[in-house]
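Comments concern the structure below.
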Amino acid sequence: MRSLVLGILLFAATPAAAEVVSSGPNGFEVRHSINLVIPQQKAFAAFGQVQDWWSKDHTYSGDATRMSLQLRPGGCFCERLDNGGGIEHLRVTYVQPGERVVLTGSLGPLLYEATTGVMDVKVERIAGGSRITIDYKAAGFANGGAAELAPIVDKVLGDQVKRLRVYAAGGAPKP
């Protein structure tokens, strides 16, 4: 019965949109949006539990439980590494509890491309639940190449958003 209920929730919570909004040699913008059949506050809280839904395949440590996100200004979307090391993936620069969080920084290999990025996460109440929209913009790319990276970043973020959708609906994302 639990599987049936979870299946119905996941069907009702299908992605609303996923796209590369724009791209060029020195920057890009990708956007993902999902509808959830849970209240807005619960959706916002689920986003903050990144260690429970982020894929280990997109970590430096290979262990998503080492990820953390502090939903406060100056908070870190960080990953603990062995021997006291770590990485700051993004830094929280704005929080409107339950509604919006803006993070700045360069995700994954973009860190090494002399880029800067802004991730704007909006959570809104809609009929029957909530919608999370994640908009990520990255610019810089001293040697160009952003247009080629845009679809890769779009896919990685899309995979993470799908995992968030499963987690927020009460399921466990596939390992």
Q. Which entry is the computed Rg and Dmax of the Cα atoms in Å for this structure: (1) 14.4, 41; (2) 15.9, 54; (3) 16.3, 50?
A. (2)
Q) Setting aside same-chain residues fewer than 8 positions from LYS42, which aspartates and glutamates have a Cα under 16 Å from its Cα? A) ASP52, GLU99, GLU124
Q | Area of THR93 that stays accessible when all protein chains are in place (1.4 Å probe, Å², to 10) | A | 80
Q: Rounded to the nearest 0.05, what FRET efficiency do ARG125 and ASP57 give with R0 = 41 Å and r taken as the Cβ-Cβ distance? Could you check?
A: 0.80
Q.
I want the local charge near GLY24. Using Cβ-Cβ distances under 15 Å, sum +1 for each Lys or Arg and -1 for each Asp or Glu among the other residues.
A. -3
Q) For the chain, what does -39500 (n - 2.57) per DSSP helix run (n ≥ 4), summed and divided by total residues, give at 222 nm, in deg cm²/dmol to the nearest 500? A) -8500 deg cm²/dmol
Q) So which aspartates and glutamates can LYS56 reach, going by Cα to Cα under 12 Å and dropping same-chain residues fewer than 8 places off? A) GLU79, ASP159
**Q.** Separation of alpha-carbon centers, the range 109-148 and the range 26-69, rounded to whole Å
**A.** 12
Q: With a probe of 1.4 Å, find how much accessible area the chain has per residue, and write the answer as a whole number in Å².
A: 51
Q: Putting +1 on Lys and Arg Cβ atoms and -1 on Asp and Glu Cβ atoms, find which of ALA114, GLY171, GLY129 reaches farthest to the positive end of the dipole of the range 24-175.
A: GLY129
Q | Cut-off 13 Å between beta-carbons: net charge of the residues surrounding ILE38, Lys and Arg +1, Asp and Glu -1 | A | +3
Q) Using the C-alpha atoms of the range 28-113, what convex hull volume per residue, in cubic angstrom, is computed? A) 111
Q) Where in the chain are the DSSP H helices whose alpha-carbon span along the long axis reaches 30 Å or more and whose Kyte-Doolittle mean is at least 0.0? A) 146-168
Q.
In the range 85-163, if the dipole is taken from +1 on Lys/Arg beta carbons and -1 on Asp/Glu beta carbons about the Cα centre, which of ALA147, GLN96, LEU157 is farthest to the positive end?
A. GLN96
(Q) Considering only protein heavy atoms and a probe of 1.4 Å, how much of the accessible area of the range 108-175 is carbon and sulfur, as a whole percent? (A) 58
(Q) Which order do you get for ASP135, ASP159 if you rank them by accessible area with a 1.4 Å probe, largest at the top? (A) ASP159, ASP135
Q: Give me the lysines in straight-line cross-link reach of LYS137: C-alpha distance below 20 Å, same-chain residues under 8 apart excluded.
A: LYS122, LYS155, LYS162
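The values are calculated or read from the model by the stated rules, or taken from the named source; none is laboratory data. Values in this document were obtained by computation on a predicted structure and should not be read as measured data. Neighbour counts run over all protein chains shown; Cβ positions are idealised from the backbone, glycine included. Surface accessibility is based on the protein's heavy atoms, side chains included, excluding ligands, DNA and RNA. Shrake-Rupley method; radii C 1.70, N 1.55, O 1.52, S 1.80 Å.
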